[in-house]
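Notes follow the structure.
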Amino acid sequence: MSKLAIGSIFGGICCLGLSVAPFPFQHWAIARQIGGIGAIGCFTFGYFESEKIKSKQQAFESWQFQDQQKQKKLDEAIEPILADELMQKQQIRAKYSVADSEEEMKGYFNILQVERYGEDWLRAQLQPDSPSPLADILPEPETELETQEKIETLAAKKAKLLKLIREHEGGWIGQLMKKPVLIYGDQGSGKSYFAEFLALCRHYLRGHEIVSIADPHFHQNKDECWKQLVKLKVPGFGAHHDYAAVNSQIVSMFDRFSKRTLKDAPITSIFDEVTRYGQEEATQESSSKLGSKLSSDPRKAKESPILIAHAKTLAALGGGEGFADAIQGNFVRIKLNSDSEQEPLWRGTISGIKDADGEPIENQKVSIKADWIRSSWIYDLFNQPLDLIAEIALIETQKLPDLVIEPIVDLVIESDVDKLDRILNQPIGDDYWLSEMSPELLDRAIEMRNTQRQQVSESLTSISEVAIIDTIQSKDSHDFDTQRLIAEKFPEKTEKALFDSIYEYSATCRNASKIIKSALKCSHSKKGSPRSYKEVGKPVFIYLIRKYGEASLIAKFADYLDKG
């Protein structure tokens with residue numbers, strides 16, 4: 001109760017005393033009336049002030065209860081997140097523990113190999129291979145150039161091809177590795193042959209996958225201009241003038257444009273006889289979109305199409321409107337010439353590439369007459385068959401049965417680093433590990449593995465136990481606090497006696513607040529007193545009902561218990 005309310009009550013008592021004081025009535029009538037009115041006013045003001053304070057107290061308790069409920073729900077929501085985080089940490093620890101063990105096992109294996117064969121054995125693995133026993137009987141290479149060609153590595157082959165490209169007419173072929181390319185010209189000018197050469201350059205130098213060849217004459221060209229690509233298992237579509245199959249490849253390319261990104265591996269697709277696409281019913285619809293699609297979409301889809309046509313006119317390029325202007329900045333155009341006998345002249349012009357300053361070049365004269373600008377030369381460079389030395393080695397192996405010499409399939413000079421990497425990282429089966437390990441190391445490895453599995457199992461089990469233990473500990477702690485509260489506030493009664501008192505009142509009353517006030521002598525108006533309703537009565541009532549009450553009694557006060 002506030003000081004204002006107490007003062008009002010005190011003032012009312014004083015006024016009441018003045019109104020009933022034993023003074024002569026005749027002389028003090030007015031004073032008595034004033035005192036009575038003042039008493040009534042003071043008591044009325046004190047009552048309303050007290051109710052106002054009581055209302056504020058109830059509102060504060062309601063807010064405090066809601067805040068507790070919110071905190072409880074927040075704790076319940078956070079608990080599974082913390083448990084999940086703990087599980088993830090345990091799994092990560094287990095993962096790194098296994099990785100460390102694997103590294104340790106590799107170290108044991110290397111140590112064992114050195115102990116068994118000695119350090120000289122390990123150093124011997126790093127030395128170049130010893131000369132073949134047939135070195136004395138095999139003929140010496142005729143020239144140094146022939147020897148170098150036979151033992152070229154993949155890197156050397158790439159370097160050789162790149163050098164030829166850079167030195168040929170300013171390196172214009174090197175600018176054809178990424179942009180879409182249109183190759184056009186008269187019949188017999190070598191368009192398809194050069195397209196195959198360009199596709200192989202992209203494949204071996206830039207890692208392009210050649211996904212398809214769309215050619216209505218594929219049945220006639222597969223053993224001619226597409227011969228090397230067929231060896232690489234590149235599929236062909238459209239044989240025997242099947243333009244429906246050609247159309248399927250155009251639609252597939254459009255679909256790739258919509259799905260692929262710059263992060264995908266580069267690919268090349270080839271489309272021959274593009275001049276006919278706008279004239280055939282099966283390809284008319286897709287060819288009408290060819291111009292707009294090829295002028296904007298290939299770069300973002302990491303695709304570099306090669307188109308072959310008889311001209312660069314609008315009609316020759318599938319009939320797509322606006323395509324003739326679009327190809328100016330997005331295509332490299334190569335025109336190849338032939339003579340009156342429809343034989344290739346191996347020269348022409350190129351447009352769409354750029355000079356050192358980034359300026360476009362138009363109608364630059366080029367030639368493709370060099371012997372290495374052939375698809376067969378590129379294929380043979382990167383797919384050399386068994387050389388003469390290997391064949392002689394095979395023959396001599398048959399003559400000398402006591403010597404076991406493996407056929408020389410690929411003569412590649414390995415560096416010391418590559419050789420060590422091959423020795424230490426070659427795939428080794430479980431049987432090989434078991435045969436190479438000593439019994440002591442094997443027992444230790446098995447023990448380490450079992451220990452790791454047990455640690456992972458215990459970590460996963462402990463996660464579920466943590467939540468249960470926390471809940472039990474929280475409940476035990478709360479019950480202990482309530483027991484101590486009963487001992488301090490109700491020293492004259494036992495828990496059972498207090499419950500019996502509550503049970504007796506519950507037979508006639510269903511209001512928990514009234515039972516607390518009557519049975520436990522706790523009141524709202526005595527905040528801070530030894531038996532406050534909120535601090536003493538409520539927790540004691542909930543504790544006793546849950547501990548000693550039967551199911552029917554708990555159900556009777558279920559709502560009150562849940563709010564508590």
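Some notes on this structure:
- Single match in LEU82, LEU4 (criterion: under 49 Å from the mean Cα position of the chain (by Cα), surrounded by 11 or more Cβ atoms within 10 Å (Cβ to Cβ) and at pLDDT below 85): LEU82
- The conditions of being modelled with pLDDT of 60 or more, of a type in the set (A, V, I, L, M) and either surrounded by 11 or more Cβ atoms within 10 Å (Cβ to Cβ) or within 30 Å of GLY190 (Cα to Cα) (or both) are not met by ILE408.
- Unique residue being touching a Pro at 6+ places or on another chain (Cβ under 9 Å) and at positive phi when the list is GLY358, GLY352: GLY352
- Residue count, the range 340-359 (criterion: surrounded by fewer than 18 Cβ atoms within 10 Å (Cβ to Cβ), in contact with a strand residue (DSSP E or B) (Cβ under 7 Å, 6 or more places away or on another chain) and over 30 Å from LYS300 (Cβ atoms)): 2
- Qualifying positions in the range 298-339 - modelled with pLDDT of 80 or more, farther than 15 Å from LYS191 by Cα and surrounded by fewer than 19 Cβ atoms within 10 Å (Cβ to Cβ): ARG299, LYS300, LYS302
- Per-region count, the range 215-246, residues in a helix (DSSP H, G or I) and out of contact with any strand residue (DSSP E or B) (no Cβ under 9 Å at 6 or more places or on another chain): 6
- Pairs meeting the criteria (first residue in the range 299-311 and in contact (Cβ under 8 Å) with a residue 60 or more places away in the chain, second residue of a type in the set (S, T, N, Q) and surrounded by 22 or more Cβ atoms within 10 Å (Cβ to Cβ), beta carbons under 7 Å, at least 6 apart or on different chains) are SER304/THR268; PRO305/SER269; ILE306/THR268; ILE308/SER192.
- The criterion of at least 1 residues that are modelled with pLDDT of 85 or more and either of a type in the set (S, T, N, Q) or surrounded by 15 or more Cβ atoms within 10 Å (Cβ to Cβ) (or both) is met, among helices (runs of 4 or more DSSP H) falling completely within the range 87-186, by 154-167.
- Candidates SER212, SER258, SER287 - the one that is assigned to a strand (DSSP E or B) and among the hydroxyl-bearing types (Ser, Thr, Tyr): SER212
The values are calculated or read from the model by the stated rules, or taken from the named source; none is laboratory data. As the structure is a prediction and not an experimental result, all values here were calculated from the model. Using ideal geometry, Cβ is built from the backbone for each residue, glycine included, and neighbour counts are taken over all protein chains shown.
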